């Protein structure tokens, strides 16, 4: 099944649920009309939270840059001996 | 039936103006893949800086059987570079990686090990989990990366943590299957590959990798990437 079909089915199910809430008046009507808005805002907040948390916990590796420089020096030394031109570009 | 399978790994490295980096990468691949049967396929798009000359020198140093130079006349894009390299690959596994040293060959053994342990069709490197990481990104870059990732995860449910990464090991048959159905360009192409593979039900595993942003040469990223990215996301949302 294509992904967009899954997403559409999910949205249709949510809409059906929302309409049924409107019909049966389980909640006060004014509240029910605002539910989609609450949903979208919550989704947005969740997204922002995920971005923020991810940013805080973003894995970094400064030591890798140092190791890379060592590797580069080692490589240049070896390659020069083998007749490969490793002058900087 | 006991069958000792000899695995061969074809490493496709697309290059454009990577005169120094290609030599360093080749050295590091040989250093970290001792006792592994592999070949390096350099797909150079007519670099004006003499990258192909350096590759020929490397062939003298390491042997022409292990280093294949399969150039193209000009810049023709990443996707077609992989397809071109694939035509000349004689291994049963294919590794794709960047030539600019942001992908370090020292992770190649961990890709191979993961594949052997799990029998996965694809092993993809991820920068975003513990054990992985990036260096040389400022706050803005990290923010856009993280934002892009959250958006992609929410919309696409891809099943991998790093969508735009291009350090991957594929079973050759799987790569051939997936690449034939991809039409995007640039890094959206990388996203399309992994999302299509996920949709097709291929077994995908991840290994952490570290990504040190380009050391030598100029980065080929620029311009209105955000627009391209969003367009790519919508395209993948609707067509996969």
Looking at the square roots a ≥ b ≥ c of the eigenvalues of the Cα gyration tensor of the stretch B:1-160, which shape do they give, rounded for a/c under 1.5, prolate if a/b is larger than b/c, or oblate? oblate
For the residue pair residue A:19 and residue B:36, what label-to-label distance in nm results when each label sits 7 Å from Cα along the Cα-to-beta-carbon direction? 5.6
Against the rule of thumb 2.2 N^0.38 Å, how large the Cα Rg of the protein assembly as shown comes out: 1.14
Note: residue A:5 to residue A:70 extended length (0.36 nm per residue) minus current alpha-carbon separation gives 18.3 nm
So the FRET efficiency between residue B:92 and residue B:228, C-beta based with R0 = 41 Å and rounded to 0.05, is 0.75
Can you give the FRET efficiency to the nearest 0.05 for residue A:38 and residue B:6, using r as the Cβ-Cβ distance and R₀ = 51 Å? 0.30
Length gain on complete extension for the stretch residue B:161 to residue B:60, per 0.36 nm per residue less the alpha carbon to alpha carbon distance? 32.3 nm
Describe numerically, in nm with one decimal, the distance between label points set 7 Å from Cα along Cα→Cβ at residue B:144 and at residue B:118. 3.0
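FYI, it's all coordinate maths here, none of it is from the lab. Being a predicted model, the structure only gives us computed values, none of them experimental. Cβ coordinates were reconstructed from backbone atoms using ideal geometry, including for glycine residues, and neighbour counts include every protein chain displayed.
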